[in-house]
1. Which three semi-axes in whole Å describe the equivalent ellipsoid of the protein assembly as shown, each the square root of 5 times a Cα gyration tensor eigenvalue, listed largest first?
2. Counting only other chains, and only Cβ atoms inside 10 Å, what mean value do you get across the residues of B:205-216?
3. Please compute the average number of Cβ atoms from other chains found within 10 Å of each residue's Cβ in peptide B:156-168.
4. As I understand it, the dipole of the protein assembly as shown uses +1 on the Cβ of Lys and Arg and -1 on the Cβ of Asp and Glu, about the Cα centre. Which of B:LEU242, B:THR269, B:LEU13 lies farthest toward its positive end?
5. Within 14 Å, Cβ to Cβ, of B:GLY370, how many net charges do the neighbouring residues add up to if Lys/Arg are +1 and Asp/Glu are -1?
6. Binning at 10 angstrom from zero up to the longest distance, how are the C-alpha pair distances of chain B distributed in percent?
7. Any idea what angle helix A:2-22 forms with the longest principal axis of chain A, computed on alpha-carbon atoms, 0 to 90 degrees, nearest 10?
8. When Rg is the radius of gyration of the Cα atoms in segment B:181-220 and Rh is its Kirkwood radius, what does Rg/Rh come to?
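Where a number appears in this text, it was derived from the coordinates with a stated rule and is not lab data. Bear in mind the structure is a predicted one, so any value in this text is a computation, not a measurement. When we count neighbours, we look across all protein chains shown, and the Cβ atoms used for this are built from the backbone with ideal geometry, even at glycine.
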Amino acid sequence: MKIAGLLLLLTGWFLVLSALVLLRAAWPQALFVLAGVGVELLALALLFRSHAIPRGRRQ
Amino acid sequence: MNALTPSGSDLALLCATAAILLIPLAIAGLALINTGLGRSRNSAHLMMSSLCVVGMAAASYVICGFAWQGLAGGSARVISLAGRNWNWIAKAPLFLQGVTASPALLTVWMQSLCVALSAVIPTGAGAERWRLGSTCASTAIFSGITYPLFAHWAWGGGWLATLGTDYGLGRGFVDAGGSGVIHTVGGLTGLALVWILGSRRGKYTADGMPTAIPAHNAVFVLFGCLLAWAGWTGLNVSGAVLLNGLDPRSTGLIGVNTTLAGGSAALMTAIVTRVRFSRPDASLTANGWVAGLVAGSAACPFVPPAAAIFIGLIAGLLAPLTIEILEARLSIDDPGGAISVHAIGGIWGLLAVGIFGRFPAEVLVGRGSGFSGQWVAQLVGVATLVGFILPLTYGLNWLLNRFLPHRVTQDGERQGLDLHELGAGAYPEFVTHSDEFFQR
């Protein structure tokens, strides 16, 4: 889960870079950047979830 | 004045020098805040960590960090992708060789203090369980690799700074006082370290509820805020003059905006905690104050005072709410509030540039024109921080942890790091602690 979260973060960033490289028009580019940020938010949710101590087993 | 080469006018150099002299107060303020927010059994260790971190950060940055960061307009490694150039790392010599002229040296001086300030931020997140030796090693990696890389992209003429000229996104990624470069990078490193270190023993009960571990000295915390205020003013002024080509005669606005952002954030946090807990909370209000200073840094030369107040109000609202969410719902034990204050406050500050920033014609010259697409440039910067810097700093610290464990032993944590690592307590005349917050 942790590794998947970290890889998903990088994927989101590559999506943002791809938007800059591949798209010229302003709105499609902005939407693609937003999609990349959305993927990063999903990755953060995964990372927080994977690092959270399960209830009943906390230190 | 051209933003790509620091201005060499006497007034600019004098103004920048005076402002840089204030920056150590920001470091002192953060060190005091982190120390005050910890327990008394770890207070000497926390202050000692801050001192060691400053020394290690400055040395590591001068040895190799500056070589990766470089100065805007200097030589750099550029790759060509889809017919466009990507300036991704500087190609300056190690040990500052060849940096002899005054504007460049002033910038290096300022940057060595910025990296030290940024490196102190994770010590608040890892407080009370992070070994001193490991702290120094992690700082060397932070100031030698992580910080310079992003600082080059944003401040050293890298691909983020040239988003305006290369992709027509406003003036490119703008971060005048370091909301992103200094604070978000430091805050995200703090988050990575908290994930690796885990929570303090006794922080969470068996049924999953967080335990309140009170700060040991509210006066340290609040006085630290006042020191930080002076330091932030110097940081924002020197950044605006040296890195953004701002006319030194217009630095008054920066001072006003810095004060307004910090002050309005503190007031907002005091109101939020008054509503939430029936009384204003001193340590959370201090966190709100710093969050306002952090958020205001990126935009302070480019926004009117009313916008600075708004930026501060939002930062003051975000700080206590995110501290509570991180602690209670996401099991993030961050004694100094570094993640909420610096990472989240910094990200809000960067986005605020895209919303409120207005750039006079004489600043950021050569970095594009207009304001169209500025918010996209800021979003790309934020995405880079979260999508690249966070995995990078996590990976590097995870690797370091395999060879040099970050976490102190269980006995050391119970005893307190002052006695365990330094051999003496900070307050030897007094009985300073009991084990009431430690579950055996």
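1. Values: eigenvalues 240, 118, 100 Å².
Largest first, the protein assembly as shown gives 35, 24, 22 Å.
2. Values: counts 2, 5, 3, 7, 2, 1, 0, 0, 0, 0, 0, 0.
What the average comes to for B:205-216 is 2.
3. Working: counts 0, 0, 0, 2, 0, 0, 0, 1, 0, 0, 1, 7, 3.
Per residue, the average neighbour count from other chains is 1.
4. B:THR269
5. Numbers: positive: B:ARG171, B:ARG358, B:ARG367; negative: none.
My count for the surroundings of B:GLY370 gives +3.
6. 5, 23, 34, 24, 11, 3, 0
7. The answer is roughly 10 degrees.
8. Details: Rg = 13.7 Å, Rh = 12.5 Å.
Over the Cα atoms of segment B:181-220, Rg/Rh equals 1.09.
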